[in-house]
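Here the structure is laid out as structure tokens; the discussion comes afterwards.
Nothing in this text is a laboratory measurement; each read-out follows from the coordinates by a stated rule. Computed from a prediction, not measured in an experiment: that's the story for all the values here. Because the Cβ atoms are built from the backbone with ideal geometry, glycine has one as well, and the counts that use them run over all protein chains shown.
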Amino acid sequence: MLAVLFLIGMGASSCNKSFLDVSKELADEQDLNQIFTNPNEVRRFHTHLYTGIPNTLDLWWHFFNAGPGNPWPHLADETRLASTGFIAQINGISVTDTDIGHWTRLYRLIRQANVFMDRVVVIPQQGFADYLDEEEVAEKIAVARFLRAYYHFLLFELYGPIPIMDYAVSPDETNLDFARNSVIEVVDFIYKELTEDAELLKDPDLTDYQFQAVPTKAAALALRAKLMVYAASPLFNGGYEEALSFVNPEDGKRLFPDHDPNKWQRAVDALQEFMDYADIHYELHREYTNGVYDPEKSLYQVHMKVNKETIFVNSTPYNFGYANKSWHGTKIPRGARGGSNVGQTVGVRQELVDAFFMADGLPIDESPLYSESGFSSAGEDLTGRTEPGTHRMFVNREPRFYNTVFYNGGRWPIENTQIWFNRGGNSDASATFYPRTGHLLFKRTNREASYLPGYADPATLYQPAVIFRLADFYLLYAEALNEVNPGDPRIIEYIDKIRDRAGIPLLADIKPHIIGNKEAQRKAIVAERRVELAVEGQRYFDVNRWMIAGNTPDAEAPFGGDVYGMDMFAPTLEGFYNRVFIYHKVWRKAMYLYPIPVNEIQKSRLLVQNPLY
């Protein structure tokens, strides 16, 4: 409970000198006065605030740090884990789960940020001793304020209306039980914090890419823009019918607002300010081969190195060891590059495979290039990406498909080894770990690394865990513009910027009839976001805020229901490509929001659980 969270180590008893259990590593045998009179301890205290930043390269629940990993593709309709041990990642969340949404951990960091901003002062230079000058103190306060706002956003994104904690609770405070603020109050608080803090944070220095892990003015404007899109979306803007009568138990305050169409204009305004700023500093990442634009290389490299498209990344030390090695270890087939028996555990769901466009820019149900009948012949693949004998399901697909999905019979980089998943092949489908859908996740896997001798170990390679990149905001911009004025030409323009970088035909050329049609443009934006941002952790939150999830195969976004994939145990190669039932995924309407941990609810007089739990 928050009451417990704020009480721990706040000097409530003379025998406890730690500060809120925020970090035993930093606080054992120390008190706040000792910390904030020592420049080195101040910096360590401040650095610990970064530990709540999500690691998008970790597709598991991040139990080892305060921030969550990136389990969202498994909870959405993107990926399926081979291991059934992580039931929450397969069948959703229940109120009896431990703090899997990181409610307690993020609030602990919020309180640490409050303590930091309340306590930090200039430490004058005395002789050769270390010191903190006004510039460093101001910079660290600005970063702490950003992280406090960001962690409130992460909680809002998961739980909806949450308690706002914007001050350091006094040890003498007797009322440590906090009610939830309303959606409007939470949004207004985060918006105000980011607006003011954007003027205090530094501009991005794109000549020193390592500092893109440090909050900048760009990160603050980007986060504020995303916040306002969320606030305008149905989940938080009157679309969740079961939540509209939700009130706090003591004061009767409504937590969810009625629908307000004007919120989309506020989203456009916030996005416009970010776009104007981004136009000066950022651009979509593009790579060239022998002077010719190379879309596949561009799509790959945007996640391999920090570049002018990345706005905010996680580059904390655990990315270089456990998480980076874990990422590659679960995606390297056992038949290639020293893949182990725990490799190839992350399978791509068939729904995502089908969502990628064809090389002509059309979806598979509209393109004459698509077929699921048999295997290709020489010259049939107009992209030149596959070889003869590839199943036609994988032929003539767009570059983002080949960047994301490793398909049966594909060739793994470096050794040029052909990999088969059916009936074992060189991957042994009888083992515990295999891509149960028949397709392996390939996106963001380093194609130059290997566990074999003589190659670079993935654990030693720098790879930024991208949190915000420009492509996301181009599509958010198009979405908000479409909700305000479907006739705005910038809608198609910004979708087509993404498609142009992806190397596929523009909507303006192949679908001019949808221009100005709100529903058709909305559908195009949903489709584009799904493939452009696949497995980056955004699809789960998009579908929830749009409230288009469902529990049947024909749902707009089937987060639940029967899941189908390739027949891994078919006796013939041809039979592998028949779609068969894989598993049943649980989804309930309650899952549009996370439940507050049940132990928090039971200890509090003021906290009310989310709808339908």
Please work out the FRET efficiency for the pair GLU185 and THR37, using the Cβ-Cβ distance as r and a Förster radius of 51 Å; give the result to the nearest 0.05.
-> 0.90
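Any idea what the relative contact order of region 124-259 is, in percent, if you count C-alpha pairs under 8 Å spaced at least 6 apart?
Values: 143 pairs, mean separation 30.3, N = 136.
Value for region 124-259: 22 percent.
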So the FRET efficiency between ILE280 and ARG605, C-beta based with R0 = 51 Å and rounded to 0.05, is 0.55
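Would you please classify the overall shape of region 529-575 from the alpha carbon gyration tensor, given that a ≥ b ≥ c denote the square roots of the eigenvalues, rounded means a/c under 1.5, and beyond that prolate means a/b larger than b/c while oblate covers the rest? Could you put the intermediate results ahead of the total?
On the way: a/c = 3.79, a/b = 1.88, b/c = 2.02.
Oblate, since a/c reaches 1.5 and b/c is not below a/b.
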Could you give the nm distance between label points at SER245 and GLU134, where each point is 7 Å from its Cα heading toward the beta carbon?
-> 5.8
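Just check region 484-613 against the gyration tensor rule for me: Cα atoms, a ≥ b ≥ c as the square roots of the eigenvalues, rounded for a/c under 1.5, and otherwise prolate or oblate depending on whether a/b exceeds b/c.
oblate
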Within 10 Å, count the other beta carbons around each residue, average over each peptide in 212-223, 358-369, and list them highest first.
-> 212-223, 358-369
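Subtract the Cα-Cα distance of GLU387 and TYR462 from 0.36 nm times their separation in residues, and report this length gain in nm to one decimal. Before the final figure, lay out the partial values.
On the way: separation 75, 0.36 × 75 = 27.00 nm, distance 3.21 nm.
Between GLU387 and TYR462, full extension yields an extra 23.8 nm.
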Which shape class applies to region 126-194: rounded if a/c is under 1.5, otherwise prolate when a/b exceeds b/c and oblate if not, where a ≥ b ≥ c are the square roots of the Cα gyration tensor eigenvalues?
-> oblate
What order do you get for 70-78, 294-302, 484-492 when each peptide is scored by the mean count of other beta carbon atoms within 10 Å, highest first?
-> 70-78, 294-302, 484-492
Final fewest-first order of HIS102, HIS281 on the 10 Å Cβ neighbour count is HIS281, HIS102
